[in-house]
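Undergrad: Supplied in structure tokens, the structure appears directly below.
We did not get these values from a lab; they are worked out from the coordinates using the rules stated. The structure presented is a predicted model; accordingly, all values stated were derived computationally and were not measured. Don't worry about glycine lacking a Cβ; one is built from the backbone with ideal geometry, like all the others, and counts go over all protein chains shown.
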Amino acid sequence: MSVAPGATNQDRPPCRAVFLDRDGVLNRAVVRDGRPYPPASLEEFEVLPGVAEAVRKLRDAGFLLVGATNQPDVARGTQTVEAIEAMNRRLLDAMPIAAILVCYEDGDACPRRKPNPGLLLEAADTYAIDLAASYMVGDRWRDVEAGRRAGCRTVFIDRGYRERRPDPPADHVAADLTDAADWILSDSARSTSP
């Protein structure tokens, strides 16, 4: 797990969070044959336009930001933990994200691997997150399903990949994280108004 300095505080009251997938949401995914893949190196790693501003807007509205990413290439032997952590550190240094939780396992038996909700449940325990008042944003069906299973509202960033879509559908379909953040702020305002 990559954590921003001083990020954990289990003694605070329950907070709202926005969980963010990494590749395709925060940084550019490498798309081959219509399918997304993580960048292979720090040199290939590129934060998407508008992401830092969208994250700050959500933080300023009172949301805790937590990354949640599957990185099974480590278990497959084609990527290193050190390379993943270097990419995560770049994100943590660039924007107000409390932590980036990572599942390095390959295979859906792992409770932390999305579509299972383990990463989100772990974050909820660590940071006293109210999951029912929180959101999961992702660009793949696994992200949306993990959020749904954890009890969060969900946002699907539709990148037009040639793969399975979320079923049931996400609560909102967005073009990018800026669009997703605007909807989250509007939706949370509606749900908290008297």
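Undergrad: Just check the stretch 94-194 against the gyration tensor rule for me: Cα atoms, a ≥ b ≥ c as the square roots of the eigenvalues, rounded for a/c under 1.5, and otherwise prolate or oblate depending on whether a/b exceeds b/c.
TA: Oblate shape, in that a/c is at least 1.5 and b/c is the bigger or equal ratio.
Undergrad: Note down the relative contact order for the chain as a percent, whole number, built from C-alpha pairs under 8 angstrom at least six residues apart.
TA: Dividing the mean separation by the residue count of the chain yields 25 percent.
Undergrad: Separate question: Roughly how tilted is helix 118-127, in degrees to the nearest 10 and between 0 and 90, from the longest Cα axis of the chain?
TA: That helix lies at roughly 50 degrees to the long axis.
Undergrad: How large is the helix-only mean residue ellipticity at 222 nm for the chain, computed as the sum of -39500 (n - 2.57) over DSSP H runs with n ≥ 4, divided by its residue count, in deg cm²/dmol to the nearest 500? The partial results should precede the final answer.
TA: On the way: 6 runs with 64 residues, N = 194.
The per-residue figure over the chain is -10000 deg cm²/dmol.
Undergrad: Using a/c under 1.5 as the rounded threshold, could you call the chain rounded, prolate or oblate? The axes a ≥ b ≥ c are square roots of the C-alpha gyration tensor eigenvalues, and prolate needs a/b larger than b/c, oblate otherwise.
TA: The shape class here is rounded.
Undergrad: Long-range amide H contacts for M136: which residues qualify at under 5 Å (H placed 1.01 Å from N, peptide plane, sequence gap of 5 or more or a different chain)?
TA: F19, R153, T154, V155
Undergrad: Once the principal axes of the Cα atoms of the stretch 51-152 are found, what is the range along each, listed largest first in whole angstroms?
TA: Between the extreme Cα coordinates on each principal axis of the stretch 51-152 lie 40, 29, 24 Å.
Undergrad: State the antiparallel share, in %, of DSSP beta bridges confined to the chain, rounding to the nearest 5.
TA: 20
Undergrad: Something else now. In nm, to one decimal, how far is the modelled label at A132 from the one at T78, with both set 7 Å along Cα→Cβ?
TA: It is 4.2 nm.
Undergrad: For C110, enumerate residues with amide H under 5 Å from its amide H, sequence gap 5+ or separate chain, H modeled in the peptide plane.
TA: Amide H neighbours of C110, under 5 Å, 5+ apart: none.
Undergrad: Assign one of three labels to the stretch 134-186, namely rounded, prolate or oblate, based on the Cα gyration tensor with a ≥ b ≥ c the square roots of its eigenvalues; rounded applies when a/c is under 1.5, prolate when it is not and a/b is larger than b/c, and oblate otherwise.
TA: Numbers: a/c = 2.25, a/b = 1.11, b/c = 2.03.
Here the stretch 134-186 falls in the oblate category.
Undergrad: At most 11 other Cβ atoms within 10 Å and a DSSP loop assignment: could you name the trypsin sites (Lys or Arg not before Pro) in the stretch 121-192 that fit?
TA: Sites meeting the loop and neighbour criteria: R162, R164.
Undergrad: Quick one: which of 106-114, 40-48, 84-92 comes out on top by average Cβ neighbours within 10 Å, and what's the full order, highest first?
TA: Highest-to-lowest ranking by the protection proxy: 84-92, 106-114, 40-48.
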